[in-house]
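The values are calculated or read from the model by the stated rules, or taken from the named source; none is laboratory data. Just so you know, these numbers come straight off a predicted model, no measurement behind them. Heads up, the Cβs are rebuilt from the backbone with ideal geometry, glycines too, and the neighbour counts pull from every protein chain shown.
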Amino acid sequence: MHAGFERWQIRACIWALTLVALVIVYLPPVYLLGVSFNPALQPALPSLGNISLKWYQALLHERGLLRALNESLLIAAVVTLVSTVAAIAAALAYLELGRLRNAWFLLVILPMFVPGIIQGLALSVVFNRWQLAPFWGTVALGHLLWALPFAFTVVLTSMTSVRRSYLLAAADLGAGWWRRTCDIVLPLILPGVIGAIVFSFLLSFNEFARSSYLVGRQNTLPLDMFGKMNSGASPTIYALSGLILLVSALLVGVVLAMAAGRRG
(Lines give C-alpha, C1' and ligand atoms only; values in the text may rest on other atoms or scores of the structure.)
Protein backbone atom coordinates (compact mmCIF):
# COMPACT_ATOMS: atom_id res chain seq x y z
CA MET A 1 0.00 0.00 0.00
CA HIS A 2 2.87 2.31 0.83
CA ALA A 3 4.46 1.60 -2.57
CA GLY A 4 1.18 2.37 -4.33
CA PHE A 5 0.84 5.69 -2.50
CA GLU A 6 4.43 6.56 -3.41
CA ARG A 7 3.75 5.84 -7.08
CA TRP A 8 0.65 8.04 -6.91
CA GLN A 9 2.71 10.89 -5.44
CA ILE A 10 5.30 10.57 -8.21
CA ARG A 11 2.63 10.60 -10.89
CA ALA A 12 0.90 13.60 -9.33
CA CYS A 13 4.20 15.48 -9.19
CA ILE A 14 4.95 14.67 -12.84
CA TRP A 15 1.49 15.77 -13.96
CA ALA A 16 1.73 18.98 -11.90
CA LEU A 17 5.12 19.89 -13.42
CA THR A 18 3.81 19.07 -16.89
CA LEU A 19 0.74 21.25 -16.34
CA VAL A 20 2.88 24.17 -15.14
CA ALA A 21 5.13 23.81 -18.20
CA LEU A 22 2.13 23.73 -20.55
CA VAL A 23 0.65 26.83 -18.95
CA ILE A 24 3.94 28.72 -19.31
CA VAL A 25 4.28 27.70 -22.96
CA TYR A 26 0.69 28.12 -24.14
CA LEU A 27 -0.75 30.90 -21.99
CA PRO A 28 0.87 33.85 -23.87
CA PRO A 29 -0.26 32.78 -27.38
CA VAL A 30 -3.72 31.78 -26.13
CA TYR A 31 -4.03 35.14 -24.37
CA LEU A 32 -3.00 36.90 -27.59
CA LEU A 33 -5.64 34.94 -29.47
CA GLY A 34 -8.27 36.09 -26.99
CA VAL A 35 -7.14 39.71 -27.31
CA SER A 36 -7.60 39.53 -31.08
CA PHE A 37 -11.38 39.30 -30.54
CA ASN A 38 -11.49 42.47 -28.45
CA PRO A 39 -13.17 45.34 -30.34
CA ALA A 40 -11.62 47.89 -27.94
CA LEU A 41 -8.16 49.38 -28.53
CA GLN A 42 -6.50 48.09 -25.37
CA PRO A 43 -4.86 44.64 -25.17
CA ALA A 44 -7.35 43.04 -22.79
CA LEU A 45 -9.57 39.97 -22.96
CA PRO A 46 -13.12 40.78 -24.12
CA SER A 47 -16.20 39.79 -22.19
CA LEU A 48 -18.24 36.94 -23.63
CA GLY A 49 -20.85 39.38 -24.91
CA ASN A 50 -18.31 41.67 -26.51
CA ILE A 51 -16.41 39.28 -28.79
CA SER A 52 -15.89 40.74 -32.26
CA LEU A 53 -14.19 39.96 -35.58
CA LYS A 54 -13.62 43.67 -36.18
CA TRP A 55 -9.83 43.49 -36.34
CA TYR A 56 -9.88 40.40 -38.55
CA GLN A 57 -11.97 42.35 -41.04
CA ALA A 58 -9.61 45.32 -40.72
CA LEU A 59 -6.74 43.05 -41.84
CA LEU A 60 -8.09 43.23 -45.39
CA HIS A 61 -7.16 46.93 -45.50
CA GLU A 62 -3.63 46.53 -44.10
CA ARG A 63 -1.75 46.61 -47.42
CA GLY A 64 1.69 46.71 -45.80
CA LEU A 65 0.99 43.64 -43.71
CA LEU A 66 -0.53 41.81 -46.67
CA ARG A 67 2.54 42.53 -48.82
CA ALA A 68 4.76 41.23 -46.03
CA LEU A 69 2.49 38.19 -45.71
CA ASN A 70 2.80 37.45 -49.44
CA GLU A 71 6.60 37.79 -49.18
CA SER A 72 6.76 35.35 -46.27
CA LEU A 73 4.43 32.89 -48.02
CA LEU A 74 6.58 32.95 -51.15
CA ILE A 75 9.78 32.38 -49.19
CA ALA A 76 8.22 29.68 -47.02
CA ALA A 77 6.85 27.85 -50.08
CA VAL A 78 10.27 27.79 -51.78
CA VAL A 79 12.04 26.75 -48.59
CA THR A 80 9.47 24.01 -47.95
CA LEU A 81 9.87 22.53 -51.42
CA VAL A 82 13.67 22.63 -51.48
CA SER A 83 14.24 21.53 -47.88
CA THR A 84 11.79 18.62 -48.12
CA VAL A 85 13.34 17.27 -51.33
CA ALA A 86 16.84 17.75 -49.93
CA ALA A 87 15.84 16.10 -46.65
CA ILE A 88 14.48 13.04 -48.47
CA ALA A 89 17.66 12.80 -50.54
CA ALA A 90 19.85 13.18 -47.44
CA ALA A 91 17.84 10.52 -45.58
CA LEU A 92 18.10 8.12 -48.53
CA ALA A 93 21.85 8.74 -48.63
CA TYR A 94 21.97 7.96 -44.91
CA LEU A 95 20.39 4.57 -45.62
CA GLU A 96 23.06 3.75 -48.19
CA LEU A 97 26.03 4.81 -46.07
CA GLY A 98 27.84 2.42 -43.78
CA ARG A 99 30.47 3.63 -41.35
CA LEU A 100 30.06 7.21 -42.56
CA ARG A 101 26.46 7.45 -41.32
CA ASN A 102 27.30 9.30 -38.12
CA ALA A 103 29.53 11.79 -39.92
CA TRP A 104 26.83 12.40 -42.55
CA PHE A 105 24.19 12.90 -39.87
CA LEU A 106 26.31 15.45 -38.00
CA LEU A 107 27.14 17.27 -41.24
CA VAL A 108 23.48 17.70 -42.19
CA ILE A 109 22.25 18.82 -38.77
CA LEU A 110 25.21 21.12 -38.02
CA PRO A 111 23.41 24.34 -39.18
CA MET A 112 20.80 23.66 -36.51
CA PHE A 113 23.34 24.62 -33.84
CA VAL A 114 24.57 27.82 -35.48
CA PRO A 115 22.88 30.90 -33.94
CA GLY A 116 20.58 32.65 -36.38
CA ILE A 117 22.27 36.02 -35.91
CA ILE A 118 25.69 34.59 -36.77
CA GLN A 119 24.36 32.62 -39.71
CA GLY A 120 22.46 35.60 -41.12
CA LEU A 121 25.45 37.92 -40.69
CA ALA A 122 27.81 35.44 -42.34
CA LEU A 123 25.52 35.00 -45.34
CA SER A 124 25.07 38.76 -45.61
CA VAL A 125 28.85 39.24 -45.76
CA VAL A 126 29.19 36.55 -48.43
CA PHE A 127 26.39 38.02 -50.54
CA ASN A 128 27.91 41.50 -50.27
CA ARG A 129 31.23 40.05 -51.37
CA TRP A 130 29.51 38.54 -54.39
CA GLN A 131 27.68 41.83 -54.98
CA LEU A 132 24.34 40.04 -54.74
CA ALA A 133 21.56 42.47 -53.84
CA PRO A 134 19.26 41.23 -51.03
CA PHE A 135 15.88 39.91 -52.22
CA TRP A 136 13.51 37.12 -51.31
CA GLY A 137 15.97 34.51 -52.63
CA THR A 138 18.70 35.52 -50.18
CA VAL A 139 16.21 35.23 -47.33
CA ALA A 140 15.09 31.82 -48.60
CA LEU A 141 18.68 30.56 -48.63
CA GLY A 142 19.14 31.61 -45.01
CA HIS A 143 15.88 29.94 -44.03
CA LEU A 144 16.88 26.80 -45.92
CA LEU A 145 19.97 26.35 -43.75
CA TRP A 146 17.67 26.56 -40.72
CA ALA A 147 14.82 24.33 -41.94
CA LEU A 148 16.79 21.55 -43.65
CA PRO A 149 18.25 19.95 -40.47
CA PHE A 150 14.79 19.75 -38.89
CA ALA A 151 13.22 18.34 -42.06
CA PHE A 152 16.03 15.80 -42.33
CA THR A 153 15.58 14.72 -38.70
CA VAL A 154 11.83 14.24 -39.15
CA VAL A 155 12.23 12.23 -42.36
CA LEU A 156 15.05 10.18 -40.87
CA THR A 157 12.90 9.32 -37.86
CA SER A 158 10.22 7.93 -40.17
CA MET A 159 12.89 5.78 -41.84
CA THR A 160 12.64 3.40 -38.86
CA SER A 161 9.57 1.91 -40.55
CA VAL A 162 11.69 0.87 -43.54
CA ARG A 163 13.04 -2.57 -42.72
CA ARG A 164 16.04 -3.80 -44.58
CA SER A 165 14.29 -7.12 -45.19
CA TYR A 166 11.70 -5.29 -47.32
CA LEU A 167 14.40 -3.86 -49.55
CA LEU A 168 16.29 -7.15 -49.80
CA ALA A 169 13.12 -9.01 -50.75
CA ALA A 170 12.34 -6.44 -53.45
CA ALA A 171 15.89 -6.67 -54.75
CA ASP A 172 15.61 -10.49 -54.93
CA LEU A 173 12.49 -10.03 -57.06
CA GLY A 174 14.45 -7.86 -59.49
CA ALA A 175 13.42 -4.37 -58.34
CA GLY A 176 16.07 -1.72 -58.95
CA TRP A 177 17.00 1.11 -56.59
CA TRP A 178 14.48 3.56 -58.04
CA ARG A 179 11.67 0.98 -57.94
CA ARG A 180 12.44 0.06 -54.33
CA THR A 181 12.57 3.72 -53.33
CA CYS A 182 9.31 4.68 -55.06
CA ASP A 183 7.29 1.56 -54.19
CA ILE A 184 8.56 0.80 -50.68
CA VAL A 185 10.54 3.59 -49.03
CA LEU A 186 8.52 6.67 -50.00
CA PRO A 187 5.08 5.23 -49.04
CA LEU A 188 6.45 4.11 -45.66
CA ILE A 189 8.01 7.49 -44.83
CA LEU A 190 5.04 9.54 -46.08
CA PRO A 191 4.07 10.76 -42.55
CA GLY A 192 7.64 11.94 -42.05
CA VAL A 193 7.60 13.75 -45.38
CA ILE A 194 4.38 15.53 -44.44
CA GLY A 195 5.90 16.42 -41.08
CA ALA A 196 8.98 17.81 -42.82
CA ILE A 197 6.75 19.93 -45.07
CA VAL A 198 4.87 21.40 -42.11
CA PHE A 199 7.95 22.05 -40.00
CA SER A 200 9.88 23.59 -42.91
CA PHE A 201 7.00 25.91 -43.72
CA LEU A 202 6.46 27.04 -40.14
CA LEU A 203 10.17 27.50 -39.41
CA SER A 204 10.62 29.66 -42.51
CA PHE A 205 7.40 31.60 -42.09
CA ASN A 206 8.22 32.58 -38.49
CA GLU A 207 11.97 33.16 -38.87
CA PHE A 208 13.22 36.57 -37.71
CA ALA A 209 16.95 36.65 -36.92
CA ARG A 210 18.26 35.45 -40.28
CA SER A 211 15.72 37.51 -42.20
CA SER A 212 16.86 40.75 -40.55
CA TYR A 213 20.28 40.43 -42.23
CA LEU A 214 19.15 39.09 -45.61
CA VAL A 215 15.91 40.91 -46.40
CA GLY A 216 15.61 43.27 -49.37
CA ARG A 217 13.21 46.16 -49.88
CA GLN A 218 10.17 44.14 -48.86
CA ASN A 219 10.09 42.97 -45.24
CA THR A 220 8.95 39.52 -44.28
CA LEU A 221 5.92 39.29 -42.01
CA PRO A 222 7.82 38.86 -38.70
CA LEU A 223 10.02 41.88 -39.48
CA ASP A 224 7.05 44.00 -40.51
CA MET A 225 5.11 43.04 -37.39
CA PHE A 226 8.12 43.84 -35.20
CA GLY A 227 8.41 47.28 -36.77
CA LYS A 228 4.73 47.99 -36.27
CA MET A 229 4.88 46.89 -32.65
CA ASN A 230 7.77 49.30 -31.99
CA SER A 231 5.91 52.18 -33.60
CA GLY A 232 2.71 51.54 -31.65
CA ALA A 233 0.80 48.29 -31.84
CA SER A 234 -2.29 48.20 -34.00
CA PRO A 235 -5.05 45.79 -32.94
CA THR A 236 -4.77 44.20 -36.39
CA ILE A 237 -1.43 42.80 -35.23
CA TYR A 238 -3.28 40.78 -32.61
CA ALA A 239 -5.75 39.54 -35.21
CA LEU A 240 -2.99 38.47 -37.59
CA SER A 241 -1.09 36.79 -34.74
CA GLY A 242 -4.24 34.92 -33.74
CA LEU A 243 -4.84 33.82 -37.32
CA ILE A 244 -1.27 32.54 -37.68
CA LEU A 245 -1.59 30.70 -34.36
CA LEU A 246 -4.79 28.97 -35.47
CA VAL A 247 -3.33 27.94 -38.84
CA SER A 248 -0.13 26.68 -37.20
CA ALA A 249 -2.10 24.63 -34.68
CA LEU A 250 -4.24 23.23 -37.49
CA LEU A 251 -1.19 22.15 -39.50
CA VAL A 252 0.44 20.48 -36.51
CA GLY A 253 -2.88 18.83 -35.68
CA VAL A 254 -3.06 17.38 -39.19
CA VAL A 255 0.40 15.88 -38.79
CA LEU A 256 -0.46 14.38 -35.39
CA ALA A 257 -3.71 12.96 -36.72
CA MET A 258 -1.96 11.34 -39.66
CA ALA A 259 0.69 9.90 -37.37
CA ALA A 260 -1.98 8.49 -35.05
CA GLY A 261 -3.86 7.01 -37.99
CA ARG A 262 -0.67 5.48 -39.26
CA ARG A 263 0.00 3.77 -35.93
CA GLY A 264 -3.60 2.56 -35.80
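For the reader, a short list of remarks on this structure follows.
- Of all residues making up the stretch 8-57, the number that are assigned to a helix (DSSP H, G or I), surrounded by 10 or more Cβ atoms within 10 Å (Cβ to Cβ) and modelled with pLDDT under 80: 1
- Any hit, the stretch 148-165, residues being in a helix (DSSP H, G or I), hydrophobic (A, V, I, L, M, F, W, C), under 30 Å from Q218 (Cβ atoms) and without any contact (Cβ under 8 Å) to a residue 12 or more places away in the chain: no
- Residues (of a type outside the set (G, A, S), in a helix (DSSP H, G or I) and either surrounded by 20 or more Cβ atoms within 10 Å (Cβ to Cβ) or touching a strand residue (DSSP E or B) at 6+ places or on another chain (Cβ under 9 Å) (or both)) located in the stretch 183-192: V185, P191
- I109 being under 16 Å from V193 (Cβ atoms) and either in a helix (DSSP H, G or I) or in contact with a strand residue (DSSP E or B) (Cβ under 6 Å, 6 or more places away or on another chain) (or both): no
- Taking each residue of the stretch 206-226 that is closer than 21 Å to E62 by Cβ and in contact (Cβ under 8 Å) with a residue 40 or more places away in the chain and looking for partners that are of a type in the set (S, T, N, Q) and outside any helix (DSSP H, G or I) with beta-carbon atoms closer than 6 Å, six or more apart or interchain, yields S211/T220.
- Whether a residue is out of contact with any Cys (no Cβ under 8 Å at 6 or more places or on another chain) and within 18 Å of P29 (Cβ to Cβ) was assessed, and M258 does not pass this test.
- Answer from V85, V79 - the residue that is touching a helix residue (DSSP H, G or I) at 6+ places or on another chain (Cβ under 9 Å) and closer than 17 Å to F150 by Cβ: V79
- For the stretch 172-180, the criterion of being closer than 23 Å to L81 by Cβ, assigned to a helix (DSSP H, G or I) and not basic (K, R) is met by at least one residue.
- From the list R163, R210, R180, the lone residue that is crowded, with 16+ Cβ neighbours inside 10 Å, among the charged types (D, E, K, R) and either at pLDDT below 85 or in contact with a strand residue (DSSP E or B) (Cβ under 7 Å, 6 or more places away or on another chain) (or both) is R180.
- Taking the stretch 197-243 as the range and being of a type in the set (S, T, N, Q), in a helix (DSSP H, G or I) and more than 17 Å from G142 (Cβ to Cβ) as the test, the residues that pass are N230, T236, S241.
- Test: residue in the stretch 111-134 that is on the phi > 0 side of the Ramachandran plot and free of Cβ contacts under 8 Å to residues at least 24 places away in the same chain: yes
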